[in-house]
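Before any comments, here is the structure.
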Amino acid sequence: MYSAAQLVLLFVVLSDLAVLGTTRLSSCIRGIAAQGLLLGLLPVLVAPQLSVHAVSLGVGTIVVKAIVLPWLLGRAIREAAVRREIEPLVGFIASQLLGVLAVALAFAIASRLPLPATTQPLLVPVSLATLMIGFIVLTTRRKALMQVIGYLILENGIYLFGLTQTESVPFLIELGVLLDVFVGVFIMGIVVFHINREFDSLDSTRLAELTD
Amino acid sequence: MRLLVIGALPLLVALAVLSVPAFRGRRVPVALLAAVALAHLGLVGSLWIAPESGTLGGWFAVDPLGLTVLTLTSILFLVTVTYAVGYLRREPPSSGRVFAGCLMAFLSAASVVALAQHLAMLWVGMEATTLSVAPLVFLRRDRRSLEATWKYLVISSVGIALALLGTFFLASAQGDVPGRPLVLPDLVAHARELHPAWLRAAFLFLLVGFGTKMGLAPMHTWKPDTYGEAPSLVSGLMAGALTSCAFLGIARITQVAMAAGLGPFAQPVLIGFGLLSLAVAAVFIVGQSDLKRLLAYSSVEHMGLLVLGLGLGGVGAYGSMLHLINNGLSKSWMFLAAGNVVLATGSSSATGNRGLVRTLPVSAGLLVLGLFAVTGSPPFGQFMSEFTILRAAINAGHPWIAAVMLLLLAIIFVGMAVLVLGMALGVPDPGSVPVRESGWLVLGPVALAATVLMLGVYIPGPLHDVLTQAAVALGGTAP
């Protein structure tokens, strides 16, 4: 099962980099949905043997991260009628280069971490890379919707790290985590919708009335 | 059983309010809110008299730290509800059920945080507090509150995400160590066997993550905007109860770190964040022109004092626990008094709001008294708790920390006094007339002021015992 898990993790990194280099918001949402699907496969692939726990976590992940959240985000851009991220604070090529740097850094850090030998070797570096790329998207994009996507990527990175702990963190907790992410993005979606109505734009840099 | 009711009852009522069509419209089910608040406080009070053992496999239990935060939250919630009776008559929210539902969901989430012994449950509760408060910040539905809500959501969500990563790091630190995973008593009992590198990483991530929710500098940037734009009763509940829950998260990981003998690593980090928060607050308080933003920076200051006491250890841990109560009570008091100013004049800005003693005598009096309370003047409770933290700095052999702390507190006092006294005294603008202050709008802050005053001269025996036990759990001692 190891090789399948490694392939999936490789695709996770590729989906990170794809979101970093994409201007069309709808493509970014598709990228996030694909990443959610990959993440849903992983609990089954990294578990030592097939268990009800791993399968239900996988199914829950796919429902929330690959179906419900992308649908919510898609509805938000349709209602707000935005298509593209224009003029990000850091250009697309530059941010993809940053992303590649993040991946290299993640592998360098992960090789120094004291990890149990049974951990799937790519899991921690891919988790750290996804975390950092999520952070890059969150801080360098101006559209509020892209910031939500960045936050989701960040959460996905943490989810990947959590997979190293599936035996010790029980089912209820994981359910709580998925639910919290879902509600969080749901509320963010509502706020995004209001930002669009109030400011006629989803540009979060326009949110600058409150300063000292 | 009582613990489950304390955690679940407000949430169940909140879900009922949000889903039953009878509650649609602008009317807020205030009677229901009051009933939940009283039932909650009654149950929490009964925990002081008859303790209860853990439930759900030890995932939830009452301990001195949690009991302190739970009681504070419950009291502040009741005060907020009494204030809401008067507030809602003057400024009905656009959706009554969102107002009531979110408030009760917050109470549930905060209770889960206070009672959680499983650190992942604590995280779930903390995330739920963030989310339940967001619609309340956006209650006015205008541009400014939208901007504040967005900043609050994005910054807090990133903070809470880092805290989740820290929780996973803690699970990594536990590895094959015996004991139930992430359950606090087991973590503390086997603390010395935890993997030190992972534990250090967990400490840092949880400190930064929950520190963001608490509003420690430099992660405080959401705070002035959120507290400034949210309705004052929501700001008061956030500054009093929500920040205390976040502090509890930091106290929990400190408990584990101290038991593991990581004090020399953890304490300087806590002291650093504490002093930085004091310094940032001092810089922004001087020259501040808005009352609610001023109180937000004052909250940054007091969060700094809390982690400073924790980091100094010894009697400082006791000082922090006492300060948690004093700060929670008086932040709510000040925000509710500021809320009366906003209700009467439409703004919390200092320009154009002068001579409030003549137009709003009770609220202005509360603001002036509160100024002395939050800046730590005798005979208020803060004087005792800040003095204890100061003593801890000297006992620990850091006179320079005591000196810096005193200097910053003095600057903050001057900055706050200029703004608050300027608003309270002075000549009212022509055309402003005295406003009748409804009893519901002053009852809560007056009761809080009386309590803070009492804590300055007399700390009840049971409270002293609980605070001492909490301080010992945090590696400190009784004064």
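Yes/no per residue for (1) open to solvent by less than 10 Å² (accessible area, probe 1.4 Å); (2) at the interface with chain B (Cβ under 9 Å from one of its Cβ atoms); (3) under 14 Å from A:Leu17 (Cβ atoms):
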| site | (1), (2), (3) |
| --- | --- |
| A:Ile109 | no, no, no |
| A:Pro125 | yes, no, no |
| A:Ala129 | yes, no, yes |
| A:Met146 | yes, no, no |
| A:Leu152 | yes, no, no |
Of the conditions (1) open to solvent by 20 Å² or more (accessible area, probe 1.4 Å); (2) assigned to a helix (DSSP H, G or I); (3) in contact with a strand residue (DSSP E or B) (Cβ under 9 Å, 6 or more places away or on another chain), B:Gly66 clears all except one; give me its number. (1)
So A:Arg141 clears everything in (1) in contact (Cβ under 8 Å) with a residue 24 or more places away in the chain; (2) within 14 Å of chain B (Cβ to nearest Cβ); (3) open to solvent by 10 Å² or more (accessible area, probe 1.4 Å) except one condition, right? Which one? (3)
Looking at the stretch B:374-397 only, could you name the residues that are closer than 17 Å to B:Pro445 by Cα and either open to solvent by less than 10 Å² (accessible area, probe 1.4 Å) or in a helix (DSSP H, G or I) (or both)? B:Val374, B:Gly381, B:Gln382
Among (1) open to solvent by less than 10 Å² (accessible area, probe 1.4 Å); (2) facing chain A (nearest Cβ under 8 Å), which single condition is B:Tyr152 missing? (2)
Out of (1) under 30 Å from B:Leu343 (Cα atoms); (2) part of a helix (DSSP H, G or I), the odd one out for B:Leu204 is which? (1)
Does the stretch A:129-139 include one or more residues that are of a type in the set (A, V, I, L, M, F, W, C) and part of a loop (DSSP other than H, G, I, E, B)? no
Residue count, the stretch B:37-60, condition open to solvent by less than 30 Å² (accessible area, probe 1.4 Å) and either basic (Lys, Arg) or touching a Leu at 6+ places or on another chain (Cβ under 7 Å) (or both), comes to 6
Look through the stretch B:454-470, keep the residues that are part of a helix (DSSP H, G or I) and among the hydrophobic types (A, V, I, L, M, F, W, C), and return whichever of them is surrounded by the fewest Cβ atoms within 10 Å (Cβ to Cβ). B:Val457
Could you identify the single residue in B:Leu242, B:Leu291 that is more than 19 Å from A:Thr211 (Cα to Cα) and crowded, with 21+ Cβ neighbours inside 10 Å? B:Leu242
Verdict on B:Ala100 being open to solvent by less than 10 Å² (accessible area, probe 1.4 Å), facing chain A (nearest Cβ under 10 Å) and either part of a helix (DSSP H, G or I) or of a type in the set (A, V, I, L, M) (or both): no
Hey, can you tell me all the residues within the stretch B:107-124 that are of a type outside the set (A, V, I, L, M) and either within 9 Å of chain A (Cβ to nearest Cβ) or in contact with an Asp or Glu (Cβ under 8 Å, 6 or more places away or on another chain) (or both)? B:Gln117, B:His118, B:Trp123
Among the listed residues B:Leu367, B:Leu324, B:Leu371, identify the single one that is open to solvent by less than 10 Å² (accessible area, probe 1.4 Å), part of a helix (DSSP H, G or I) and more than 25 Å from B:Val414 (Cβ to Cβ). B:Leu324
Can you name the residue in the stretch B:81-97 that is within 21 Å of B:Leu9 (Cα to Cα) and open to solvent by 10 Å² or more (accessible area, probe 1.4 Å) and, of all such residues, is nearest to the other protein chains (Cβ to nearest Cβ)? B:Arg97
Note: among B:Val188, B:Val177, just one is more than 10 Å from chain A (Cβ to nearest Cβ) and either crowded, with 24+ Cβ neighbours inside 10 Å or outside any helix (DSSP H, G or I) (or both), namely B:Val177
From the set of residues in the stretch B:136-149 that are assigned to a helix (DSSP H, G or I) and more than 7 Å from chain A (Cβ to nearest Cβ), which is farthest from the chain's Cα centre (by Cα)? B:Ser145
Give the number of residues within the stretch B:103-135 that are among the aliphatic types (A, V, I, L, M) and not in a helix (DSSP H, G or I). 1
Condition met for B:Trp400 (open to solvent by 10 Å² or more (accessible area, probe 1.4 Å) and in contact with a helix residue (DSSP H, G or I) (Cβ under 7 Å, 6 or more places away or on another chain)): no
Can you say whether A:Pro121 is open to solvent by 10 Å² or more (accessible area, probe 1.4 Å), within 25 Å of B:Arg200 (Cβ to Cβ), within 11 Å of chain B (Cβ to nearest Cβ) and modelled with pLDDT under 90, as far as the supplied structure shows? no
Does B:Thr477 meet the test of being touching a residue at least 40 places away in the same chain (Cβ under 8 Å), surrounded by fewer than 19 Cβ atoms within 10 Å (Cβ to Cβ) and within 30 Å of B:Phe284 (Cα to Cα)? no
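The values are calculated or read from the model by the stated rules, or taken from the named source; none is laboratory data. A quick note: this is a predicted structure, and the numbers were derived from the prediction, not measured. So basically every Cβ, Gly included, is an ideal-geometry build from the backbone, and we count neighbours across all protein chains shown. Ligands, DNA and RNA are stripped out before the accessible areas are found, and what is left, the full protein with its side chains, is counted by its heavy atoms. Shrake-Rupley method; radii C 1.70, N 1.55, O 1.52, S 1.80 Å.
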